[in-house]
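The structure under discussion appears below in the form of structure tokens.
Read the figures in this text as sums done on the coordinates, not as results from a lab. No experiment lies behind these values; they were computed from the predicted model shown. FYI the Cβ positions are ideal-geometry reconstructions off the backbone, even for glycines, and counts take in every protein chain you see.
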């Protein structure tokens, strides 16, 4: 891998016959699918692509991207020792180099895969930064690169130095390389203010709105009930996994019902490909009945909905309120008039995504509703 980076800066860019980046996000299968279709299976593709690479006959970023994935793949062991031996990959350690070559030839996802392959350190961070710089209008690629940068930053010797190297490379590629004409290349990243990864926000069960223990501890510590007037007051608490302290903000969002209290904690970071601005909990002050809990994001409603749905949350794509009934229990009883009635207990979740004062609020709550009568 180090050899490729050195060659990039020592000898400049590869030839100008490469195709320009698409502004549309592509899944791995969309990139390497057409390449693998030429062969019987991935093992056959790996063997033949490796042969072409050694002869200098691979020409596209898609081919190098496919080769990188093929080298990471091994078929399950079979009863035949010969077939098992033939299915083994002898080029796993070269996968990262092939991914970088794909990136250099117009497939920015190759830089992401190279960073993921390395897992930590200066070079992994450099490739993630290059991918971010070359993301253009591709919001999905930009989010993935940002998440990588957040997780890799603690393993880097000097982020400022690596940032500048990445910007230099991205600028060259966008100026007269395969990314020629790419808008906003190497100009939009804030390299000095990297947002941390907020893994502690991971839900125990997204489909049931089971918030993490970290979320619960932080929100419970962000307010207190004053013993003198029994009103909700701000309190200071710790942000999980950091030494950071945060003080809750108290608002009363319903003018016609002032006993509804919302407590917000301002915590910035990256989570599920989204920019987190903070968390919140809402309740009825005199009873502490839950009104609405959730997370605040910077992205618009449609992007938040898309990301949360992909992460397993029960949400409508337009952010509108959704009631998901997971279980209905029915039981018979006799009312005061002696008539047999049916009682229903509905168990499920209710979610919504709403833009409020320039932020996107994701509400996620369990519901339990009981009804009586015919």
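Some notes on this structure:
- If R0 equals 30 Å, the separation of the Cβ atoms of residue 356 and residue 168 corresponds to a calculated FRET efficiency of about 0.15.
- Segment residue 302-residue 327, extension gain: residue separation times 0.36 nm, minus the distance between their alpha carbons: 6.2 nm
- Cβ-derived FRET efficiency at R0 45 Å, residue 266 paired with residue 37, nearest 0.05: 0.35
- Distance in nm between pseudo-label sites at residue 236 and residue 59 (7 Å out along the Cβ direction from Cα): 6.6 nm
- Ranked by the mean number of other Cβ atoms within 10 Å per residue, highest first, peptides 303-314, 141-152, 104-115 order as 104-115, 141-152, 303-314.
- Additional length obtainable on full extension of the chain from residue 311 to residue 228, 0.36 nm per residue less Cα span: 25.5 nm
- Computed FRET value (nearest 0.05) for residue 217 with residue 286, which takes r as the C-beta separation and R₀ as 22 Å: 0.35
- Full extension of the segment from residue 208 to residue 30, taken as 0.36 nm per residue of separation minus the current Cα-Cα distance, would add 60.8 nm.
- Relative contact order for the range 199-371, counting Cα pairs under 8 Å that sit 6 or more residues apart, in percent: 16 percent
- Separation in nanometres of the label points that stand 7 Å from Cα toward Cβ, at residue 337 and residue 367: 2.8 nm
- When peptides 323-330, 258-265 are ranked by their average number of other Cβ atoms within 10 Å per residue, the highest-first order is 258-265, 323-330.
- Stokes-Einstein D (µm²/s) once Rh is taken as the Kirkwood radius of the range 199-371 over alpha-carbon pairs, at 37 °C in 0.692 mPa s: 187 µm²/s
- Order by protection proxy (mean Cβ within 10 Å, highest first), peptides 127-133, 273-279: 127-133, 273-279
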